[in-house]
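The values are calculated or read from the model by the stated rules, or taken from the named source; none is laboratory data. This is a predicted model, so every value here is computed, not measured. Here the Cβ positions follow ideal geometry from the backbone for every residue, glycine too, while neighbour counts run over all protein chains shown.
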Amino acid sequence: MNMCGLYMTNQKRYFGLGENVFFTGLVSFFMDVSSEMIYPLIPLFLANVLGVNKSMIGLIEGIAESTASFLKVFSGWLSDRIGQRKRLLLAGYAISTLSRPVIALAGGWQQVLASRFVDRLGKGIRTAPRDAIIAESTETTHLARAFSFHRSMDTMGAVVGPAISLILLQLYHNNYTMVFWLSVIPGVIAVFIIVAFIKEKKRPALLHAEMPQLSFKHLDGKVKFFILIVTLFALGNSSDAFLILRAEQLGIRTVMIPAVYLMFNLIYSLSAIPAGMAADRYGRKRIILLGFILFAVLYYGFAVAKSTTAIWVLFSLYGLFMGLTEGIQKAFLSTIIPAEFKATAFGVYASAVGLAALPASLIGGLLWERVSPAATFYFGAGMAAMSTILFIALIVQNKGPSHKTVISS
């Protein structure tokens, strides 16, 4: 039995999951409570309190997400090179927690940008090492379930966070600052769980010649094609801030925005684990393809929506889309990358997708202001349709004697 197999065998089990998978799920739950207490309020705070235009909101979100993306590939490479996961994980979550007081004290868009920058800085540091911990703590046959459990816990935090915001806004008469300050508490809990419960897998020191390099040479054509597809898809997937602004534009009251976002995240959380189990059984590519198609349909729906009822339905479908894609894409990727470059490859994947966030949000904001709000969503639907076609091409390209294996991966 290899070291990874021995490590997984010796783990304690919680609800059928390895202890690291279970506790990284709890960490993400509390951090997302912290993040989602404030995230749906940020575009409203910028637009309604600080008077920031839509293009600037898109720029702020794009810079924030791209910051995380630049760091993900470096953090993953560093994690593989030094054989450390937990320290980078801890640093990333601690940095994000420190961003909360910055936005609580914000008096202009510059401070909001600084807060988002610091928050995403932490995310960039932690994401690849965290995904590597999950992959290394899980049997290959249960990867989709493990990653989907993590996404489910992460998103359940995004259910609780907006729920807390909704209650606080009603109790304190739309006091954004109060919500921002209280969001520090669950972030601190997340950091404590990492210190107390996450266990570092012992990794043998790599020889200099084996140390991963910051390059694509260890990724085969299928991996590169898949990363290209999801990157093109991400170009049309502009910041969720535009979904929130669209909801407000069509008549959803400010105090109800956290409720809409809560519903979206609840559906996301509840659908993630069943979707992961279905992907492990019936094929990860099939579920990913279904998610792409669904996104094209729902973004078209946001473009043509005319009522608040439509917004509630579309946010529900958006939650289902997220459940069908986030964890399952990572599970699929985990099966086609070399074990010794796992964190590096997760970092390359996350960086490629995340770097598309800046142009995606800039394009979304410009289309909103210079063409129409609907144009932002037409563009997203078009990019999703293109990605769907390319993904089908990837499936067809890999048909042959190993057709059954490829389709079920």
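Residue by residue, here is whether (1) among the small types (G, A, S); (2) in contact (Cβ under 8 Å) with a residue 12 or more places away in the chain; (3) assigned to a helix (DSSP H, G or I); (4) over 26 Å from I273 (Cβ atoms) holds:
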| site | (1), (2), (3), (4) |
| --- | --- |
| A345 | yes, yes, yes, no |
| Y349 | no, yes, yes, no |
| L366 | no, yes, yes, yes |
| A374 | yes, yes, yes, yes |
| L390 | no, yes, yes, yes |
Scan segment 168-189 and give yes if some residue there is in a helix (DSSP H, G or I), surrounded by fewer than 21 Cβ atoms within 10 Å (Cβ to Cβ), touching a helix residue (DSSP H, G or I) at 6+ places or on another chain (Cβ under 9 Å) and without any contact (Cβ under 8 Å) to a residue 12 or more places away in the chain, otherwise no.
yes
In this structure, does L262 turn out to be buried (at least 21 other Cβ atoms within 10 Å of the Cβ) and either out of contact with any His (no Cβ under 9 Å at 6 or more places or on another chain) or free of Cβ contacts under 8 Å to residues at least 40 places away in the same chain (or both)?
yes
Only one of these is assigned to a helix (DSSP H, G or I) and either over 20 Å from the mean Cα position of the chain (by Cα) or at pLDDT below 80 (or both): I95, I133, I103. Name it.
I103
With respect to A146, determine if the residue is modelled with pLDDT of 85 or more, surrounded by fewer than 24 Cβ atoms within 10 Å (Cβ to Cβ) and closer than 24 Å to F197 by Cβ.
no
Looking at (1) surrounded by fewer than 24 Cβ atoms within 10 Å (Cβ to Cβ); (2) at negative phi, which one does G276 not meet, given that it meets all the others?
(1)
Just one listed residue, out of A384, A356, A350, A331, is buried (at least 22 other Cβ atoms within 10 Å of the Cβ), at pLDDT below 90 and closer than 20 Å to A296 by Cα, and it is A356
Picking from I293, I257, I252, the residue that is touching a Leu at 6+ places or on another chain (Cβ under 7 Å) and among the β-branched types (V, I, T) would be I257
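Yes or no: S165 in a helix (DSSP H, G or I) and closer than 30 Å to M277 by Cβ?
Judged against the criteria, S165 is not a match.
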Scan segment 313-321 and give yes if some residue there is buried (at least 23 other Cβ atoms within 10 Å of the Cβ), assigned to a helix (DSSP H, G or I) and at pLDDT below 85, otherwise no.
no
Can you tell me how many residues within segment 218-269 are over 14 Å from F377 (Cβ atoms), outside any loop (DSSP other than H, G, I, E, B) and over 19 Å from the mean Cα position of the chain (by Cα)?
11
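Residue by residue, here is whether (1) surrounded by fewer than 17 Cβ atoms within 10 Å (Cβ to Cβ); (2) in contact with a Leu (Cβ under 6 Å, 6 or more places away or on another chain); (3) farther than 20 Å from L89 by Cβ; (4) at pLDDT 85 or above holds:
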| position | (1), (2), (3), (4) |
| --- | --- |
| G5 | yes, no, yes, no |
| T9 | yes, no, yes, no |
| L17 | no, no, no, no |
| L26 | no, no, no, yes |
| I38 | no, no, yes, yes |
| G51 | yes, no, yes, no |
| A68 | no, no, no, no |
In segment 289-301, how many residues are surrounded by 23 or more Cβ atoms within 10 Å (Cβ to Cβ) and either over 19 Å from the mean Cα position of the chain (by Cα) or of a type in the set (V, I, T) (or both)?
0
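For segment 107-124, give me the residue count where each residue is of a type in the set (A, V, I, L, M) and either in contact (Cβ under 8 Å) with a residue 24 or more places away in the chain or touching a strand residue (DSSP E or B) at 6+ places or on another chain (Cβ under 9 Å) (or both).
We begin by selecting, within segment 107-124, every residue of a type in the set (A, V, I, L, M); these are 112-114, 118, 121.
Still in the running and either in contact (Cβ under 8 Å) with a residue 24 or more places away in the chain or touching a strand residue (DSSP E or B) at 6+ places or on another chain (Cβ under 9 Å) (or both): 112-113, 121.
Residues meeting the conditions: 3.
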